[in-house]
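The values are calculated or read from the model by the stated rules, or taken from the named source; none is laboratory data. Note that the structure is a prediction, hence the values are computed from the model and not measured. Don't worry about glycine lacking a Cβ; one is built from the backbone with ideal geometry, like all the others, and counts go over all protein chains shown.
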Amino acid sequence: MATVTLSRYECNRDLFPDVCAVCGAPAKNRVRMTYSWHPPWSALLIVGPAFMTRRMSVRLPLCDRHLRNRRRRRVAIVVTLLAILAFGALSVVYTIVRPDGPDEDVSGSLLGISTTLIFAWIIGATVAQLSDIEPAEITDRSLTLRKVSGLFVMAVESARARRRDEPDADWRYDDVRDDYDDQRHSRRD
């Protein structure tokens with residue numbers, strides 16, 4: 001897996017080649033992903049991440065296989081969360097309306113199981129997201145992603161080179177302020 005830095009200009013104008021960002025296969029689909037990032041040292045402050053978090057959206061190209069995997073993972077995470085919450089709610093209802101008697105340990109066990117399932121779900125959801133593309137840094141002008149395909153990185157660099165070599169590229173794309181194409185600063189009339 002590789003790392004790539006994408007300019008805000010590229011992200012806003014969807015200038016990425018049709019190469020899957022995960023595996024490098026041909027991609028027909030674009031998936032909107034909103035990434036958030038905060039400096040690692042801000043976690044030392046009590047409310048640092050809340051005030052120092054930066055966000056950026058990008059429509060990354062994905063092949064059919066990785067699009068399906070992403071959708072399945074999201075559905076599995078939501079469905080299991082809803083099932084655990086339903087079990088927890090039923091446990092609470094049982095604890096409230098249960099008849100008094102020798103089954104007092106059952107309600108405590110049900111609530112304990114619900115709490116354990118919630119923690120297990122948090123760990124499972126975190127592990128399921130570990131293989132996903134993640135931000136390494138977000139600045140005012142760029143988004144750096146890690147865990148992307150090396151083929152995607154090469155395709156992005158190739159697309160940048162083609163745009164840079166095209167005559168009138170600045171005029172056509174209106175990217176005089178782009179991070180990667182700033183060799184030409186004048187427009188053609």
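Among what's in the range 1-37 and is among the acidic types (Asp, Glu) and more than 20 Å from Arg65 (Cβ to Cβ), pick the residue that is surrounded by the fewest Cβ atoms within 10 Å (Cβ to Cβ).
Restricting attention to the range 1-37, the residues satisfying the condition of being among the acidic types (Asp, Glu) are 10, 14, 18.
Retained after the next criterion (residues that are more than 20 Å from Arg65 (Cβ to Cβ)): 10, 14.
Working: Glu10: 23, Asp14: 12.
In this case the residue turns out to be Asp14.
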Do you know which of the residues in the range 106-129 that are aliphatic (A, V, I, L, M) and more than 30 Å from Leu67 (Cα to Cα) is modelled with the highest pLDDT?
Ile113
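Any residue at all in the range 43-59 that is in contact with a Gly (Cβ under 9 Å, 6 or more places away or on another chain) and either over 16 Å from Gln129 (Cα atoms) or not acidic (Asp, Glu) (or both)? Walk me through how you get there before you give the answer.
Within the range 43-59, the first condition is being in contact with a Gly (Cβ under 9 Å, 6 or more places away or on another chain), and the residues that meet it are none.
Scanning the range 43-59, I find no residue that is in contact with a Gly (Cβ under 9 Å, 6 or more places away or on another chain) and either over 16 Å from Gln129 (Cα atoms) or not acidic (Asp, Glu) (or both), so the answer is no.
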Would you please name the residue that is nearest to Leu143 (Cα to Cα), looking only at residues in the range 43-59 that are β-branched (Val, Ile, Thr) and surrounded by 11 or more Cβ atoms within 10 Å (Cβ to Cβ)?
Val58
Among the numbered criteria (1) assigned to a helix (DSSP H, G or I); (2) of a type outside the set (Gly, Ala, Ser); (3) surrounded by fewer than 14 Cβ atoms within 10 Å (Cβ to Cβ), which single criterion is violated by Thr95?
(3)
Find all pairs meeting these conditions: Cβ atoms under 6 angstrom apart; at least six residues apart or on different chains; first residue within the range 129-156 and in contact (Cβ under 8 Å) with a residue 24 or more places away in the chain and more than 18 Å from Arg32 (Cα to Cα); second residue in a helix (DSSP H, G or I) and not aromatic (Phe, Trp, Tyr).
Arg141/Arg8
Sort through Asp170, Asp132, Asp103, Asp175 and tell me the only one that's at pLDDT below 85, surrounded by 11 or more Cβ atoms within 10 Å (Cβ to Cβ) and touching a strand residue (DSSP E or B) at 6+ places or on another chain (Cβ under 9 Å).
Asp175
